[in-house]
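Colleague: Would you mind keeping the following structure in view while I ask a few things?
The values are calculated or read from the model by the stated rules, or taken from the named source; none is laboratory data. As the structure is a prediction and not an experimental result, all values here were calculated from the model. So basically every Cβ, Gly included, is an ideal-geometry build from the backbone, and we count neighbours across all protein chains shown.
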Amino acid sequence: MFKQLLLLLAGLMFGMSALAAGNQYRLGVKGVACPYCAYGVEKHLNKVDGVENVSVDIGDSVVRVTMAEGATLPEGKARTAVKEAGFTLQSFSQAEAKLGESND
C-alpha cells in the first residue's frame, strides 16, 4: 500500500511539472556536426535569461530549447547566441509544451 501511494505521488509530481513546462523552441542550426559543436551551442544558449533546458540533435542539426514558465525566447536573442557560438541560425519556430507530448 505504501509503495502504491509513493508511485501515485511520484506520478502526480511528474504530471504537475509537465503542466508547468514553459515554451519550447526548435532551432535549425547550420554546422553543428560534433559533440564539441553541440556543447558550444548549449553553453551560449544557456546564458540567455529564462532558458531551462537545451538539447542538441547533431544528426538533424536541430536544437531544442525549453524556457522557464512564463519566459519567451526572442528570435534575435537565439540568433545572437548561436552566432556567438560560431554557427548560423537557419530556422526558428515555437511550440507550446503540452502534457504527455515530447518534442524529441
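Colleague: When both residues are 6+ apart or on different chains and their Cβ atoms are under 9 Å apart, which pairs have a first residue that lies in the range 45-67 and is more than 12 Å from Gly31 (Cα to Cα) and assigned to a loop (DSSP other than H, G, I, E, B), and a second that is of a type in the set (D, E, K, R) and at pLDDT 95 or above?
Modeller: Note: pairs meeting the criteria are Lys47/Glu84; Val48/Lys77; Asp49/Lys77.
Colleague: Can you tell me which residue is farthest from Gly70 (Cα to Cα) among those in the range 23-44 that are in a helix (DSSP H, G or I) and of a type in the set (A, V, I, L, M, F, W, C)?
Modeller: Looking only at the range 23-44, we keep the residues that are in a helix (DSSP H, G or I), and these are 35-44.
Pick out the ones that are also of a type in the set (A, V, I, L, M, F, W, C) and you get 37-38, 41.
On the way: Cys37: 29, Ala38: 26, Val41: 23 Å.
Taking the candidates together, the pick is Cys37.
Colleague: Name the single residue that is modelled with the highest pLDDT among those in the range 75-104 being in a loop (DSSP other than H, G, I, E, B) and under 14 Å from the mean Cα position of the chain (by Cα). Before the answer, list the steps.
Modeller: Taking the range 75-104 first, the residues in a loop (DSSP other than H, G, I, E, B) are 85-87, 96-104.
Next, from what is left, pick out any that are under 14 Å from the mean Cα position of the chain (by Cα): 96-98, 101-104.
On the way: Glu96: 59, Ala97: 53, Lys98: 52, Glu101: 50, Ser102: 49, Asn103: 47, Asp104: 48.
Per the criteria, the residue is Glu96.
Colleague: Pull out all pairs, ordered by first then second residue, where Cβ-Cβ is under 9 Å, the residues are six or more apart or on different chains, the first lies in the range 23-39 and is without any contact (Cβ under 8 Å) to a residue 12 or more places away in the chain, and the second is among the hydrophobic types (A, V, I, L, M, F, W, C).
Modeller: Tyr39/Val56
Colleague: May I ask you to list the residues in the range 41-67 that are more than 10 Å from the chain's Cα centre (by Cα) and either of a type in the set (A, V, I, L, M, F, W, C) or surrounded by 18 or more Cβ atoms within 10 Å (Cβ to Cβ) (or both)?
Modeller: As a first pass, look at the range 41-67 and keep what is more than 10 Å from the chain's Cα centre (by Cα): 41, 43-44, 47-50, 57-62.
Answer for the range 41-67, where residues must be more than 10 Å from the chain's Cα centre (by Cα) and either of a type in the set (A, V, I, L, M, F, W, C) or surrounded by 18 or more Cβ atoms within 10 Å (Cβ to Cβ) (or both): Val41, His44, Val48, Ile58, Ser61, Val62.
Colleague: Tally up the residues in the range 68-79 that are surrounded by 18 or more Cβ atoms within 10 Å (Cβ to Cβ) and closer than 10 Å to Gln24 by Cα, please. Before you say what the answer is, go through the steps one by one.
Modeller: Taking the range 68-79 first, the residues surrounded by 18 or more Cβ atoms within 10 Å (Cβ to Cβ) are 73, 78.
Now narrow it down to the ones that are closer than 10 Å to Gln24 by Cα: 73.
Of the residues in that region, 1 qualify.
Colleague: Within the range 80-99, can you find the residues that are basic (Lys, Arg) and under 14 Å from Gly31 (Cβ atoms)?
Modeller: Within the range 80-99, Lys83 is the sole residue that qualifies.
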